[in-house]
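The values are calculated or read from the model by the stated rules, or taken from the named source; none is laboratory data. This structure is a prediction, so every number in the text was calculated from the model and none was measured. Note that we place each Cβ from the backbone using ideal geometry, even for glycine, and neighbour counts take in every protein chain shown.
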Amino acid sequence: MSIEAGQSAPDFALTDQHGQAVRLSDFRGRKNVVLVFYPLAFSGVCSGELCELRDNISDFETDDVQLLSVSVDSMFAHRAWAEQENLEYPLLSDFWPHGETAKAYGVFDEDKGVAVRGTFLIDKEGVIRWKVVNPISEARDVDSYRKALAELS
């Protein structure tokens with residue numbers, strides 16, 4: 001079961017596609033975070049979703065908002081995918097311990113070994129303010145992210 005709005009977001013430290021450590025707590029007091037879990041790089045629905053975020057990046061990376069994406073792929077797979085798709089925002093590796101961050105957020109599919117499509121809007125105080133969780137096969141609507149961000153302001 002995924003964590004709910006109103007709960008504190010579990011902190012994490014994950015490596016991005018450039019090998020840099022990124023902690024959720026680094027944004028506390030500074031930025032709201034749009035945290036996007038996805039199953040796997042190089043897959044059709046994931047590519048569509050993450051490229052749509054890329055194409056609308058000015059809505060999701062501002063002085064007030066940071067976009068972070070997470071999958072169980074390795075840093076190296078993320079780097080290759082980021083280069084192929086021109087993804088410049090952080091692609092965080094939940095590779096080892098396998099899926100630990102997705103499990104903390106309640107969006108890890110144990111049978112498939114990947115995260116389902118969970119998105120969490122975390123405010124500057126580290127509290128989850130909004131979430132959507134979709135099955136692996138169902139893309140999320142980026143407009144719902146915009147609406148949730150507007151309501152947070």
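Do we have any residue at all in the stretch 77-91 that's at pLDDT below 95 and among the polar types (S, T, N, Q)? Before the answer, list the steps.
Of the residues in the stretch 77-91, the ones at pLDDT below 95 are none.
Within the stretch 77-91 (the criterion being at pLDDT below 95 and among the polar types (S, T, N, Q)), the answer is no, since none of the residues qualifies.
Mind telling me which of the residues SER58, SER47 ends up being over 20 Å from ALA9 (Cα atoms), in contact (Cβ under 8 Å) with a residue 24 or more places away in the chain and among the hydroxyl-bearing types (Ser, Thr, Tyr)?
Details: SER58 fails: in contact (Cβ under 8 Å) with a residue 24 or more places away in the chain.
After applying the criteria, what remains is SER47.
Looking at PHE95 and the list (1) over 15 Å from the mean Cα position of the chain (by Cα); (2) in a loop (DSSP other than H, G, I, E, B), which single condition is not satisfied?
Single failed check for PHE95: (1).
Inspect the stretch 70-83 for any residue being on the phi > 0 side of the Ramachandran plot and among the small types (Gly, Ala, Ser) and give the result as yes or no.
Kept after step one, since they are on the phi > 0 side of the Ramachandran plot, are these residues of the stretch 70-83: none.
Scanning the stretch 70-83, I find no residue that is on the phi > 0 side of the Ramachandran plot and among the small types (Gly, Ala, Ser), so the answer is no.
Of the residues that sit in the stretch 136-153 and are hydroxyl-bearing (Ser, Thr, Tyr) and assigned to a loop (DSSP other than H, G, I, E, B), which one is nearest to ASP73 (Cα to Cα)?
As a first pass, look at the stretch 136-153 and keep what is hydroxyl-bearing (Ser, Thr, Tyr): 137, 144-145, 153.
Among the residues that remain, those that are also assigned to a loop (DSSP other than H, G, I, E, B) are: 137, 153.
Numbers: SER137: 18, SER153: 33 Å.
Only one residue fits best here, namely SER137.
Every residue in the stretch 108-135 that is touching a Lys or Arg at 6+ places or on another chain (Cβ under 8 Å), modelled with pLDDT of 95 or more and assigned to a loop (DSSP other than H, G, I, E, B), please.
Passing the criteria: ASP123, LYS124, GLU125, GLY126.
Among the residues of the stretch 107-140, which ones are surrounded by fewer than 14 Cβ atoms within 10 Å (Cβ to Cβ) and more than 17 Å from ASP11 (Cα to Cα)?
GLU110, ASP111, LYS112, GLY113, PRO135, SER137, GLU138 - these are the residues of the stretch 107-140 that are surrounded by fewer than 14 Cβ atoms within 10 Å (Cβ to Cβ) and more than 17 Å from ASP11 (Cα to Cα).
Note down all Cβ pairs under 7 Å where the first residue falls in the stretch 1-19 and is within 29 Å of PHE76 (Cβ to Cβ), the second is crowded, with 19+ Cβ neighbours inside 10 Å and among the hydroxyl-bearing types (Ser, Thr, Tyr), and they're at least six residues apart or on different chains.
Listed pairs, sorted by first residue: SER2/TYR105; PRO10/TYR105; PHE12/THR101; LEU14/SER93; LEU14/THR101; THR15/SER93.
Within the stretch 72-95, identify whether any single residue is more than 24 Å from ILE3 (Cα to Cα) and of a type in the set (Lys, Arg), and answer yes or no.
Yes.
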